[in-house]
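A quick write-up on the structure given underneath.
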Amino acid sequence: MIAYVHIGTEKTGTTSIQTFLRNNKDLLQKQRVVYSSSLDNNGSQWNFTFLAYNDIRSDEYCISRKIYTKYDFKNHKKKIFLT
């Protein structure tokens, strides 16, 4: 099995790739290509990007979700996997 993962920052085409894969999921399955949308979050790649963070950042993602402390950071990572 081969797995392709694209975890892009802003303006790298991630949302476009996710939209294409989601819109063509049935056709892709016929070609034996599986698109897992388990962490897709309605077309937003930000959960994937956040999981790659090593520490809290002062970016829109962390600020909008009130991630200010290491405790918030750790709990938000857990929350992503539990939802």
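Brief remarks on what is shown
- Pairs are defined by a Cβ separation below 9 Å, a sequence spacing of at least 6 or placement on different chains, a first member in segment 54-75 that is closer than 15 Å to Thr9 by Cβ, and a second member that is outside any helix (DSSP H, G or I) and among the polar types (S, T, N, Q); no pair meets this definition.
- Any pair with Cβ under 6 angstrom, 6 or more apart, that starts in segment 1-24 at a residue that is farther than 17 Å from Leu51 by Cα and ends at one that is open to solvent by 50 Å² or more (accessible area, probe 1.4 Å) and assigned to a loop (DSSP other than H, G, I, E, B): Ile17/His6
The values are calculated or read from the model by the stated rules, or taken from the named source; none is laboratory data. Note that this is a predicted model, so its numbers are computed, not measured. Cβ: placed from backbone, ideal geometry, glycine included. Neighbour counts: every protein chain shown. What goes into the accessible areas is simple: the full protein's heavy atoms, side chains included, and nothing from ligands, DNA or RNA. Shrake-Rupley method; radii C 1.70, N 1.55, O 1.52, S 1.80 Å.
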